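J.: Sharing a structure below in structure tokens format, with a few things to ask.
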Amino acid sequence: MKFQASICERWMKINHIKTDFFSQQTIFPETVAVETSLTECTTMARTKRCNDVQMNLTDDCWLAGAGSQPSPLM
């Protein structure tokens, strides 16, 4: 039995900046998963848009934005 389903993942990128004793700054990038409700996921799948950004099909994965990368779980 086959059925069509969507797995929705949204990510937020955060940069933590640390300043040491010598005033050198180090940037630590972090990617955090953002919760997506069933309604948001259904809307994204139906309209192929995420937060007003058009999604494009790449390697059997829909990505929003030009510099987006698929998640490691896909």
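The values are calculated or read from the model by the stated rules, or taken from the named source; none is laboratory data. Just so we're clear, the structure is a prediction, and the values are computed from it rather than from any experiment. Virtual Cβ from ideal backbone geometry, glycine too; neighbours counted across all protein chains shown.
J.: Name the strands (runs of 3 or more DSSP E) wholly inside the chain in which the number of residues that are surrounded by 11 or more Cβ atoms within 10 Å (Cβ to Cβ) and either modelled with pLDDT under 80 or on the phi < 0 side of the Ramachandran plot (or both) is 3 or more.
T.: Values: elements: 10-19, 25-34, 53-58, 61-64.
Correct list: 53-58, 61-64.
J.: If you don't mind, there's one more thing I want to ask. Among the residues of region 41-56, write down those that are among the charged types (D, E, K, R) and under 19 Å from Lys13 (Cβ atoms).
T.: In the first step, residues of region 41-56 are kept if they are among the charged types (D, E, K, R); the result is 46, 48-49, 52.
If the condition is that a residue be among the charged types (D, E, K, R) and under 19 Å from Lys13 (Cβ atoms), then Asp52 is the only one that fits.
J.: Continuing with the same structure: List the pairs whose first member sits in region 19-38 and is closer than 30 Å to Cys8 by Cβ, whose second member is of a type in the set (Val, Ile, Thr), and whose Cβ atoms are under 8 Å apart, counting only residues at least 6 apart or on separate chains?
T.: What qualifies is Ile27/Ile17; Phe28/Ile17; Pro29/Ile14; Glu30/Ile14; Thr31/Ile14; Val32/Ile14.
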